[in-house]
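The values are calculated or read from the model by the stated rules, or taken from the named source; none is laboratory data. Because the structure is a prediction, the values reported are computed rather than measured. Glycine gets a Cβ as well: all are built from the backbone with ideal geometry, and neighbour counts include every protein chain shown. Areas reflect the complete protein model, heavy atoms only, side chains present, ligands, DNA and RNA absent. Shrake-Rupley method; radii C 1.70, N 1.55, O 1.52, S 1.80 Å.
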Amino acid sequence: QTEKAELDVMGMTCAACSNRIEKVLNKQKGVKQASVNLATESATIEYTPGFIEENDFIGKIQKLGYDAKVKA
Ligand code: 9UX
């Protein structure tokens, strides 16, 4: 079972920002594939529900100094 989270990510200004976030998200247990796009200021995360959820992704991103919310 795979869920897909689509987030808006705020505060990224260079490619190292998006790479940094992407690396951290991909390390999380339950994450199958995370990609962060600087140009569109968004993140797409495929994950296994039960291990991790959308609020965990947002928390990780905030801990890195950026902000995120579930796409409207
Ligand atoms: Mo680029 Mo992002 O020098 O926090 S890594 S601005």
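Which whole-number value in Å² is the accessible area per residue of the chain, probe 1.4 Å?
59 Å²
Work out from phi, with θ = phi - 60° and the Karplus expression 6.51 cos²θ - 1.76 cosθ + 1.60, the ³J(HN,Hα) of each residue of region 51-68, listed in order in whole Hz, and give x for Gly and Pro.
8, 7, 9, 4, 5, 5, 5, 4, x, 5, 5, 5, 5, 7, x, 10, 10, 8
Taking the Cα atoms of region 3-72, what is the range of coordinates along each of the three principal axes, in descending order and whole Å?
Per principal axis, max minus min of the Cα coordinates gives 32, 25, 18 Å.
Give the residues of region 54-68 whose amide nitrogen is closer than 20 Å to a point set 7 Å from the Cα of THR13 in the direction of its Cβ.
Zone members listed by number: 61-68.
Whole-Hz Karplus ³J(HN,Hα) for region 44-50, in order, using 6.51 cos²θ - 1.76 cosθ + 1.60 and θ = phi - 60°, x for Gly and Pro?
Per-residue couplings from phi come out as 10, 10, 9, 8, 9, x, x Hz.
Springs between alpha-carbon atoms under 10 Å, Gaussian network over the chain: tell me which of GLY50, GLY11, GLY59 tops the mean-square fluctuations.
GLY50
If you filter region 1-57 for trypsin sites (Lys or Arg not before Pro), then keep DSSP loop positions with at most 12 other Cβ within 10 Å, what is left?
Those that pass, being in a loop and sparsely packed, are LYS29.
Quick one: angle between helix 15-27 and the longest Cα principal axis of the chain, in degrees between 0 and 90, rounded to 10, please.
That helix lies at roughly 10 degrees to the long axis.
Once the piece of chain linking PHE51 and GLN28 is laid out straight, how much longer is it, given 0.36 nm per residue of separation minus the C-alpha distance between them?
Value of the extension gain: 7.4 nm.
Can you pull out the chymotrypsin sites (Phe, Trp or Tyr not before Pro) in the chain that DSSP calls coil and that have at most 12 other Cβ atoms within 10 Å?
Filter output for the chain: PHE51.
Got the relative contact order for the chain handy, in percent, Cα pairs under 8 Å and 6 or more residues apart?
Computed over the chain, the figure is 43 percent.
Leaving ligands, DNA and RNA out of it, report the carbon-plus-sulfur percent of the accessible area of the chain at a 1.4 Å probe.
It is 47 percent, rounded to a whole number.
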